[in-house]
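Okay, so here's the structure we're looking at.
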Amino acid sequence: MTAPEFGQVPTDVLRQWDNDHVWHPFTPMLGWIDERAPIIVRGERFDLIDADGRRYLDGISSLWCNVHGHAVPAIDSAVSEQLLKVSHSTLLGLASEPSIRLARALVERAPEGLTKVFFSDSGATAVEVALKMAYQYHRQKPEGPEDRDTFLCVGNAYHGDTLGTVSVGGIDLFHRCYKHLLFATLTTPSPVATRVPTDHTRESWLAFCFEEVGRLIRAHQSRIVGVVMEPIVQGAAGILVHPPGFLRHVRQLCTEYDIPLIADEVAVGFGRTGTLFACEQESVSPDFLCLAKGISGGYLPVAATLTTNRIYSAFLGDPSEGRTFFHGHTYTGNALGCAAAMASLQLFEDNRVLENIQVTSMRIDERLAVLRDHPHVGEVRKKGLMIGIELVRDRDGLIPYDAKLRLGHQVTLAARKRGVILRPLGDVVVLMPAPAMPVDLVDRLCGVAIESIGEATMDVP
Ligand SMILES: *Cc1c(COP(=O)(O)O)cnc(C)c1O
């Protein structure tokens, strides 16, 4: 006899087991139990299908990672073919064909100078690896060792949920509980003028942000291990879009003071902002490029930290010198994941995905224009296919709603009734269509978002 877990299970039983056993990430679990969220059993193109057969448009690319849709034949067969050969073999002491091919393909596409690829399995590990490499680099560099001890971060940054990445993050709600476990960092303000300190205008605030990063770097140059930032768009902070030139400005400062720049492209990489990598938009080559989310087309947990020959060389030496990078994860360079990633890169070319983004991104601009006069929309922030619509009680004063109302969540529920999956960041409604989503579906996504915002904000005092 088969145990019940392995046979056919009715939806209500699955739901009971979910409530009994599954602890969901970033989720207030008491509310979850009543919410009856869809239980996804299948994906088809840009839809997700639940255990009751209901279909939903995936409006957030399955938390920002899906690129070409679900159950994509080309990726499915690449993974199946790899599955018939071998699913996983270690990169500790062995090499593997899929990881070699992927490393080569990434280096060919990445900004100039990034020639070395260290694989891991999530965005947090990709950034954690960069932090540790940069830290160790200063202790081993040929110009002479330095025990640099701090990172320069951007306000409201998000780089993942491991303790190292939480240390360089700045989202108070996620991080404050752990503050005694974290290492100290320097923080430069996020160059965003939605709300500015009372003694500033928008222009003077942005000018201050540009100056402040330079001031901090000059004041602490001999202590700074690296500057860590999300290029162009800070995702989890609420889709905050930096003004043009900020990334380039930071790159110039890092070059001038010889401090490594760590670009976290976990969210913005793989087409999200309109180019394959966001750094391209300001012709910037970082010293570390952290990739995850979209790297495998959103199929499998693959991540990579790319760096330069210069950084890499500092780790070379006789094994007895202990210059080795002592870091690795069991599933580093997983063969199935690398096969999915290669197929995804091929589809970018075959389906001209970057060109599709130009079309869909423009359509989103047109569709969301009506929200600019909405009494409860404080701001529509957008870059490429990253969109944040901030809901406020009062538009003119940008007065937020009472957090207890969970307005962003109410919009999610309204959208779900209309067959669209969304996931907000607080009261910021996020639209994150897959880069390959065709324009008619992007149109529908925008329509449902507008209706759902209307419904959720209609009767709120
Ligand atoms: C999502 C995200 C991460 C963390 O990635 P995980 O795979 O969830 O660990 C890191 N940095 C940025 C910018 C992200 O958006």
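Only the coordinates and a few stated rules stand behind these numbers; no lab work does. Predicted, not measured: the structure shown is a model, and the values here were computed from it. Note: ideal-geometry Cβ built from the backbone for every residue, glycine included; neighbour counts use all protein chains shown.
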Of Phe26, Gly43, Ala3, which is farthest on the positive side of the dipole of region 1-60, counting Cα position, with +1 on Lys and Arg Cβ, -1 on Asp and Glu Cβ, and the Cα centre as origin?
Gly43
Label-point separation, Leu94 to Asp149 (7 Å along Cα→Cβ), nm:
4.3
Efficiency of FRET between Tyr312 and Val86 - r from beta-carbon atoms, R0 30 angstrom, step 0.05:
0.60
With label points set 7 Å from each Cα along the Cα-to-Cβ direction at Glu112 and Lys417, the distance between them in nm comes to 5.6
Rounded FRET efficiency, nearest 0.05, which uses the C-beta distance separating Leu354 from Ala184 and R0 of 45 Å
0.65
Mean ellipticity per residue at 222 nm, deg cm²/dmol - from DSSP H runs of n ≥ 4 across the chain, formula -39500 (n - 2.57):
-11500 deg cm²/dmol
Spatially near lysine pairs across the chain, Cα under 27 Å, sequence gap of 8 or more or different chains:
15
If you take every DSSP beta bridge whose two residues both sit in region 76-350, what share of them, in percent to the nearest 5, is antiparallel?
50
Projecting each Cα onto the charge dipole of region 76-350 (Lys/Arg +1, Asp/Glu -1 at the beta carbon, about the Cα centre), which of Gln82, Pro98, Val241 comes out farthest on the positive side?
Val241
Mind ranking 176-183, 214-221, 129-136 by how tightly packed they are, going by the mean number of other C-beta atoms within 10 angstrom, highest first?
129-136, 214-221, 176-183
Give me a comma-separated list of calculated 3J(HN,Hα) values for region 128-138, in order, Karplus coefficients 6.51, -1.76, 1.60 applied at θ = phi - 60°, integers in Hz, x for any Gly or Pro.
4, 4, 4, 4, 5, 4, 5, 4, 5, 3, 5
Given Cβ point charges of +1 (Lys, Arg) and -1 (Asp, Glu) and nothing else, what value in debye, to the nearest 20, does the dipole of the chain about its Cα centre take?
180
Listing Glu81, Glu265, Glu108 by rising number of other beta-carbon atoms within 10 angstrom, fewest first, gives Glu108, Glu81, Glu265
Under unit Cβ charges (Lys, Arg +1; Asp, Glu -1), what dipole magnitude, rounded to 20 debye, does region 76-350 have relative to its Cα centre?
300
Starting from the Kirkwood Rh over alpha-carbon pairs, what translational D in µm² s⁻¹ does the chain have by Stokes-Einstein at 25 °C and 0.890 mPa s?
105
If unit charges are put on Cβ atoms (+1 for Lys and Arg, -1 for Asp and Glu) and the dipole of region 76-350 is taken about its Cα centre, the option from Leu291, Phe174, Leu316 lying farthest towards the positive end turns out to be Phe174
Per-residue HN-Hα couplings for region 213-226 [Karplus 6.51, -1.76, 1.60; θ = phi - 60°; Hz; x = Gly/Pro]:
5, x, 4, 5, 5, 5, 5, 10, 3, 7, 9, 7, 6, x
How many percent of DSSP beta bridges within the chain run antiparallel, rounded to 5?
70
How much FRET efficiency would the formula 1/(1 + (r/R0)^6) give for Ser77 and Asp459, where r is the Cβ-Cβ distance and R0 is 56 Å, rounded to 0.05?
0.65
Given the C-alpha centroids of region 281-349 and region 187-265, what is the distance between them in whole angstrom?
25
Computed label-point distance, nm, for sites Asp365 and Arg248 using a 7 Å Cα→Cβ extension
1.9
Given the C-alpha centroids of region 389-409 and region 1-36, what is the distance between them in whole angstrom?
32
